[in-house]
Every structure is written in C-alpha cells, then in structure tokens.
1. Between residue 301 and residue 141, 0.36 nm times their residue separation minus their Cα-Cα distance comes to what?
2. If you roll a 1.4 angstrom probe over the protein chains with everything in place, what fraction of the accessible area of the chain belongs to carbon and sulfur, to the nearest %?
3. How are the Cα pair distances of the range 201-334 distributed, in percent, across 10 Å bins from 0?
4. What length, rounded to one decimal in nm, is gained on full extension from residue 92 through to residue 31, with 0.36 nm per residue of separation minus their alpha-carbon distance?
5. Using 0.36 nm per residue, how much length does the chain from residue 264 to residue 325 gain when fully extended, once their Cα-Cα distance is taken away?
6. Pop a pseudo-label 7 angstrom from the Cα along the beta-carbon direction at both residue 156 and residue 128 and give the gap in nm to one decimal.
7. Specify the angular offset, from 0 to 90 degrees and rounded to the nearest 10, of the alpha carbon long axis of helix 35-45 from the longest principal axis of the alpha carbons in the chain.
8. With label points built 7 Å along Cα→Cβ from the Cα atoms of residue 64 and residue 245, find their separation and express it in nm.
Amino acid sequence: MSLAVAGGVTAAPDAAARPWLIVNPHSFRASRRGLAGRIAAHARSHGLHVIEVRDLGEFHTALDRLRDRCAGQIWMLAGDGTVHATAQYLARPASAGWSPALLLLGGGRANVVPRDCGGYPPWQRFGAALEALREGRSLAEERLLTLRIEQEGAEAQHGFFLAGAVIYAGIRLCQEHRAQGSGWLHRSWFADPYCLLKVATRVWAGRSPLPPYDDLQVRTDGAAAMHAPMRMLLVSTLQFREALYNPFAERGEGAVRLTAVAASARHFWRHLPAMFRGRFSDNMTLQQGYLSGRFAAAEVLGMSGYALDGELFATDPARPTRLCTGIELRVLRP
C-alpha cells in the first residue's frame, strides 16, 4: 500500500498545528487537468502536511494516523463518497472524542456536500483558505449534522443526501454505465447525462430499463403517512445554499428534509422544474401525491435500496428504515 506523506519545505515553527491535506487523485474532478497535483504541490510549498490516498483502505489508514496524532484540522480534495466515508469513520465508537475541523474541497463528480460547505470551486476555495492561513486568520466554522440511516440488522450509515425510488435506480444505471468502458462516453462529465438520455429515450419508446415503482410507506413526525408506488424519494440534512437545486419545501421544523412524490402525483412534469428549486405550491399536498418539508425524523417501509452521497446500499424492504440526524461535524468555510 502506498500511503505517502510529503513535506516539501522547511517546517515552520507552527508546523505541528498546521492543517493536514488529504488528496484523492483518482476522484473525478481532482484527476482533471492535474488539479490534485497542483493543489498538493501548492500545499507543500506553504508547509502543509500532504497525504495522497487512492482507495478506501488507504483513506482509513490516513484517518487512523491523524486520529492518533489528534489532528485538529483536515483539508480534503475528494468527492461526496469520501466525505461520506469521513462521516462514517467519525461516527464509530473508536473515534469518540476526536472531532477535527474539516475543509471539504470538491474533487468529485457531483460535489453536493462540498458545494454546500463552501468548498467549490476547489482551486479558488483552496486559495482563499491558504491566504487566511498565511495571514493568521481563522476560517469561519459551522456545524453540519449528518443524516443517519438505520435498519435492524445492518450498520447505521452516516451521510448527507439520500436518493430513493426511481432516482436511486437512475444512479445505479449511471454507475453501471461508467463501469462498462474507459472512453469519453463512460468517464467524462457527459457520461451520466448520456446514460440518462439513453434511459429517457427507451422510456419514451416504451422499453423502459427502470424497475417498477417501489411501493413505499413514508411516515414522519409531522404529517400523515404516505403509502403509494413512489416515483421520487429524497432526504437530506444539507441546506443546498450553493447548489443548482434545492428540492425541499420550506415547511415544518427539524433538520431532516424530505421530499416524497407518488407515481400518481397530479401534474408531476408540470411541477418538476419549480419543485427542484424548492417551490411547492399550496395544491401540492399529500392528497395530490406530494410530501415535502422539514421533520425531526422519518421512517420508510418497502425500500429495497438507496443511494447515499452517490454510494449504493441495499436494504430489506420488509423492515422499516429510519432516517434521523446523526453526529455533528465541524466544517470550515473559506
């Protein structure tokens, strides 16, 4: 295993307290135009400790070392999957008492979490963080709650953005498409749109590759239960302040944001553009096939799988899946 820790310049007097930078050079955006190498070299020239990781095993080894050193600040250039792995690691009992401040720089494909945490675009936000470090200024710090997914018999998962129903099936098809080749149509930014365009074409032609709608029962603490074949299920603890979409109504209270849309929802395609901007009209009610808002927790029965921050997980549809808040992370905003 090649876990490389690099220095680069004469250590500054405060080098032990300086941030550690973890770079995944295989993440989608980090691998483009030498971004990972440029950021790593720039970090070394400013006296930061740099660790390059290439898979989950190396990443866990890096976190083990940083936990043993009680590292106080970790910067990351990685994708949503690595951020999910970080939350999962910090939620385990072995990490109790260690809560480093995290600067999340978007190095992946979607970068949903780094966008919400002020880490996108990565080169500009990295430069702003370095400037603050050089000038002795502290970065703004926020608290970020994870979304905790529980089901009896399985390890609880900690992440930030869950997609279920047809969207989960679409994400799975996109991952299968990217795994089928190494050319431009399978590895570029256009890979997912290309796959979804093919899916849409087959749906319009009556040859849909999508599975039947999952028959889900969604129960929340602040609304009546929704039981229907489901077209869409989205759950998150993010605010989506800098995202291109924010598919949750500003209704209710609680940190768990949830949107569920039945397959029979009235005027779905007409409402879809506004819904992805968080605009839910008064007639988009449970009776019309829509449930969206903020809740303290939710429970889903009938779900066979979901995507969490782009990672796929299987569940037992006969057992309820509970969605609630998990641990609190310290996040730095440049």
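1. 53.9 nm
2. Reported share for carbon and sulfur atoms: 53 percent.
3. Per 10 Å bin, starting at 0, the Cα pair percentages come out as 11, 39, 37, 11, 2.
4. Details: separation 61, 0.36 × 61 = 21.96 nm, distance 2.98 nm.
Once the chain is fully extended between residue 92 and residue 31, it gains 19.0 nm.
5. Gain in length upon complete extension: 19.0 nm.
6. 3.3
7. With both axes taken from Cα atoms, the answer is about 30 degrees.
8. Using points 7 Å along Cα→Cβ, the separation is 3.8 nm.
The values are calculated or read from the model by the stated rules, or taken from the named source; none is laboratory data. Only a predicted model underlies this, so the values are computations on that prediction, with no experimental measurement involved. Quick reminder, even Gly has a Cβ in these numbers, built from the backbone with ideal geometry, and neighbours come from all protein chains shown. These area figures cover heavy atoms from the full protein model, side chains too; ligands, DNA and RNA do not enter into them. Shrake-Rupley method; radii C 1.70, N 1.55, O 1.52, S 1.80 Å.
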